[in-house]
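The values are calculated or read from the model by the stated rules, or taken from the named source; none is laboratory data. Predicted model only: the values in this text are computed from it and were never measured. Here Cβ is always computed from backbone atoms with ideal geometry, including for glycine, and neighbour counts include all displayed protein chains. To get the accessible areas, we keep the full protein, side chains included, count just its heavy atoms, and leave off ligands, DNA and RNA. Shrake-Rupley method; radii C 1.70, N 1.55, O 1.52, S 1.80 Å.
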Amino acid sequence: MPFRQGSARTRQRTVLLVGVAVLLAALLLAVVLASVLTHGKQEVSPKMLQWKDRGTTKNLQEVILGRCYNYVMARYPELGDKDCLKIWESLKHAFIYKNPCNITSEDYQPLMELASHPIPCNKSLFWSKTSDLAHRYTKSNQNFLTLEDTLLGYMADRVSWCGDPSAPGINYESCPKRSECESNPSSVFWKMASKMFAEAACGVVQVMLNGSVEAGAFRSSSIFGSIEIFNLNPNKVSAVHIWLMHDIGGPQTESCSGHSIRRLTSILEQRNFKITCEDNYRPVQLLQCVHNPDHTDCRLCTNTTAAP
């Protein structure tokens, strides 16, 4: 009889152990299935929106912070009180996890306030279709500043960024062109920065235009023609000097008496600005001649007679 009782207890323990093993196996299977299903859901999560322009610049945070610190610590130490970390955070919050076609000026307002700084009078240089030449000139002549020479422009020059509603909130693959949507991160940023740059101008301001482009030197659709010109303050700006530059050896499509320059002059006069216009402003033309020293346009005196 005791033997039968011991055998029964053994069978009960065996059944119990088997039941526990089956339960543990079921729990393990449930964990594995949950992991597979979760991984599957992540793989079919919403894809990034697709656009036609290049995506966000790789290592954007490091690029922006590096440029900011270089600007306020090395180039203009008088701006050393600027908080580059806050500037980066305000830029990031302007676009991260947002549809890149729904960006507003309010998104960038904190950034504009954090990064703004005074522009010395008589130093503002505006440009249209002369980007490379204008920036070469300001690098060789510290008496002038373009928008890209300010803190905002210096940080953002040739850099791109845009967000996306899906994780990780930043699209590194593509960003929208202006033709795809007007209210994209780049367009809204540069319009706001250009407006602020024009509002800060004082004294005599310079405008470098391209007299070799077929469409005309002044275009109402350009940033200068649609934003900057209308945000110059007649109470602060005493005169506007137009430098109409032509490509060395290129076509001289328009001069200071041309139709688009007359249209620009009319707009400025209606806003009570004094205007001068000069074809091929010599200091800038000499910079052009660095790459074309033997061209006839680059001769200081075309009728030079050799000394006896």
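So the values come out like this:
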| item | result |
| --- | --- |
| Charge tally in the Cβ shell below 14 Å around residue 75, where Lys, Arg are +1 and Asp, Glu are -1, residue 75 excluded | -1 |
| Violating pairs (Cα-Cα greater than 31 angstrom) within the set 58/123; 52/274; 177/274; 58/236; 139/195 | 58/123; 52/274; 177/274; 58/236 |
| More than 19 angstrom apart: percent of Cα pairs within segment 41-139 | 63 |
| Convex hull volume per residue in cubic angstrom - Cα atoms of segment 189-272 | 91 |
| Cα shape, segment 136-264, gyration tensor, a/c 1.5 rule | prolate |
| For residue 208, distant residues with modelled amide H under 5 Å away | 126, 127, 128, 243 |
| Centroid-to-centroid separation of segment 98-166 and segment 266-289 [C-alpha atoms, Å] | 22 |
| Gyration tensor verdict on segment 78-215 (Cα atoms; rounded if a/c is under 1.5, prolate if a/b is larger than b/c, oblate otherwise) | oblate |
| Förster radius 30 Å - calculated FRET efficiency between residue 69 and residue 132, Cβ distance, rounded to 0.05 | 0.70 |
| Segment 82-192 - accessible surface per residue (Å², probe 1.4 Å) | 43 |
